[in-house]
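Down below is the structure, laid out as structure tokens.
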Amino acid sequence: MQEKIHDMYHRLYDFFGPQKWWPGDTPFEVIVGAVLTQNTNWRNVEKAIENLKRAGVLSFTRMSSLPVSLVAEYIRPAGYYNIKAGRLQNLFTLIKERYEGSVDKLFSEETGALRQVLLSVRGIGPETADSILLYAASRPVFVVDTYTYRILVRHDLIPEEYEYEEIQEFFMEYLESDSEMFNEFHALIVCAGKQFCKKAVPCCQGCPLEGM
């Protein structure tokens, strides 16, 4: 199985090339993006991030001091903006109260403890927490999404009943603990899912994983 997983990675990398994820200038921007990308596509998130940058509020100090209603207006392009503004505020409150308003102090936690802290925030689920861990804090934690599940099931690498934690353990068991590789691998899986392994009608012809 380890050989198959490495084969998958190299096939995708050779086909798509390096993805250089996550697009963000600072760890804080990545944190915000991870929350905003829930249930929407990245283009909409980029519009919301651009609104925050244009307003000069894309920093913890500035953004955490804004009324939730104003944050919601800035992030409106990302959809579910009132809900997401509330989730951001929940996270900001935790950072203020437990880490003196410092993202660096938040990230000083050990990986397992940091994951539990993030999951304790209302509205932050496993995929969002792990995206923050991997892309903002550079921790070797594999991010699982619907593309990951779909591709693994269709290639008979995992049973259909596998849930998030089991899929994550599957990758972390067979791959070396390397945040850069996890970063690249997840990004490549997303590329394959969007271009070839589509939900309704997969485009298997020409897929780099064809015949694997």
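The values are calculated or read from the model by the stated rules, or taken from the named source; none is laboratory data. Everything numeric here is computed off the predicted structure, so don't read it as measured data. Note that we place each Cβ from the backbone using ideal geometry, even for glycine, and neighbour counts take in every protein chain shown.
Side notes on the structure shown:
- Residue tally, condition part of a helix (DSSP H, G or I) and closer than 22 Å to Gln195 by Cα, over the stretch 1-32: 13
- Failed condition for Arg154, given (1) within 24 Å of Thr40 (Cβ to Cβ); (2) touching a Pro at 6+ places or on another chain (Cβ under 8 Å); (3) of a type outside the set (A, V, I, L, M): (1)
- Residue that is of a type in the set (S, T, N, Q) and surrounded by 17 or more Cβ atoms within 10 Å (Cβ to Cβ), where the choices are Asn82, Asn41, Asn51: Asn51
- When every residue of the stretch 155-164 is checked against the conditions, none turns out to be part of a helix (DSSP H, G or I) and either farther than 25 Å from Gly33 by Cα or not assigned by TED's automatic domain parsing to the domain that holds His6 (or both).
- Hey, Ala72 assigned by TED's automatic domain parsing to the domain that holds Val117, over 26 Å from Asp104 (Cβ atoms), among the hydrophobic types (A, V, I, L, M, F, W, C) and free of Cβ contacts under 8 Å to residues at least 24 places away in the same chain or not: yes
- Picking from residues in the stretch 34-65 that are outside any loop (DSSP other than H, G, I, E, B) and within 12 Å of the chain's Cα centre (by Cα), the one that is farthest from Lys96 (Cα to Cα) is Trp42.
- The one condition in (1) surrounded by 17 or more Cβ atoms within 10 Å (Cβ to Cβ); (2) part of a loop (DSSP other than H, G, I, E, B); (3) in contact with an Asp or Glu (Cβ under 7 Å, 6 or more places away or on another chain) that Cys207 fails to fulfil: (3)
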